[in-house]
Amino acid sequence: MRLPLIPHPTSRHDGLTLEVEARRQGGRLSLDYALSGPVEAVLWPQQAARVRADDLWRATCFEAFAATPDGYVEYNLSPSGAWAAYRFEGYRQGMRVFDMAAPFIVTRRAPGQFALTADVTLPDQATGALGLSAVIQGMNGSVGYWALRHSSDKPDFHHPDSFALELP
């Protein structure tokens, strides 16, 4: 089932729509993001090696958050092929690298459409509550913060109320 991500009220959507589908299979989370509209106006990061990198969220990036009994894990998936995964002990507390195999990130583009697919490793104790989100930068300097749910007056994907999807 595809779910719509919505732009934060303080950010721009620039005529874009964004949907995501998430499936859990054992210790793997499969994610399919589909961006539609004037995708030619999006500022896409340059292709890179499939390497772990920090600060990917500062550019166009697709994200997922998986709750655990002792915090959560954040995944950053760049259209460039770079990625990152972090474990947190609590709300924005105790950040450290989450060890996992590099996800294979696949992107597809067509006029008016962009898709990113990736499989990430879930921690053994993931509870099923997910936050799904994206940062979309425009070539015009605009930034859109997209999520299943926005729970504060500023974009905050880490907010516990943003973990709005329960998967078995």
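The values are calculated or read from the model by the stated rules, or taken from the named source; none is laboratory data. Since the structure is predicted, the reported quantities are computational estimates derived from the model, not experimental observations. Positions of Cβ are generated from backbone atoms using ideal geometry, with glycine treated the same way; all protein chains shown enter the neighbour counts. The area values use the complete protein model at the heavy-atom level, side chains included, leaving out ligands, DNA and RNA. Shrake-Rupley method; radii C 1.70, N 1.55, O 1.52, S 1.80 Å.
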- When the stretch 15-36 is checked residue by residue, the ones that are open to solvent by 40 Å² or more (accessible area, probe 1.4 Å), over 12 Å from the mean Cα position of the chain (by Cα) and within 23 Å of Asp156 (Cβ to Cβ) are Thr17
- Determine whether the stretch 62-76 contains at least one residue that is over 22 Å from Gly27 (Cβ atoms) and either open to solvent by 60 Å² or more (accessible area, probe 1.4 Å) or in contact with a strand residue (DSSP E or B) (Cβ under 9 Å, 6 or more places away or on another chain) (or both). no
- Message: So, restricting to strands (runs of 3 or more DSSP E) that lie completely within the stretch 78-135, which ones have at least 1 residues that are touching a Ser or Thr at 6+ places or on another chain (Cβ under 6 Å) and charged (D, E, K, R)?
- Response: 113-121
- Flag if Val135 is loosely packed, with under 12 Cβ neighbours inside 10 Å and not charged (D, E, K, R): no
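So which residues in the stretch 118-166 are farther than 27 Å from Pro69 by Cα and in contact with a strand residue (DSSP E or B) (Cβ under 8 Å, 6 or more places away or on another chain)? Full working, then the answer.
From the stretch 118-166, those farther than 27 Å from Pro69 by Cα are 136-144; that's our starting set.
Residues satisfying the conditions are Ile136, Gln137, Gly138, Met139, Val143, Gly144.
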- In the stretch 100-113, the residues that are more than 17 Å from Ala22 (Cα to Cα), touching a residue at least 12 places away in the same chain (Cβ under 8 Å) and either out of contact with any strand residue (DSSP E or B) (no Cβ under 6 Å at 6 or more places or on another chain) or open to solvent by less than 100 Å² (accessible area, probe 1.4 Å) (or both): Met100, Ala101, Ala102, Arg109, Pro111, Gly112
- Task: Take Arg12 and decide whether it is surrounded by fewer than 21 Cβ atoms within 10 Å (Cβ to Cβ) and assigned to a loop (DSSP other than H, G, I, E, B).
- Result: yes
- Message: Yes or no: the stretch 139-154 includes at least one residue that is touching a Leu at 6+ places or on another chain (Cβ under 9 Å), more than 23 Å from His8 (Cα to Cα) and open to solvent by 10 Å² or more (accessible area, probe 1.4 Å).
- Response: no
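Only one of these is of a type outside the set (Asp, Glu), more than 16 Å from the chain's Cα centre (by Cα) and under 16 Å from Tyr33 (Cα atoms): Arg109, Arg92. Name it. Let's see the steps before the verdict.
Numbers: Arg92 fails: under 16 Å from Tyr33 (Cα atoms).
Going through Arg109, Arg92 in turn, just one is of a type outside the set (Asp, Glu), more than 16 Å from the chain's Cα centre (by Cα) and under 16 Å from Tyr33 (Cα atoms): Arg109.
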- Message: Give all pairs with beta carbons closer than 8 Å in which a residue from the stretch 39-64 that is assigned to a strand (DSSP E or B) meets a residue that is of a type in the set (Asp, Glu) and buried (at least 18 other Cβ atoms within 10 Å of the Cβ); count only pairs at least 6 apart in sequence or on separate chains.
- Response: Glu63/Glu74; Ala64/Glu74
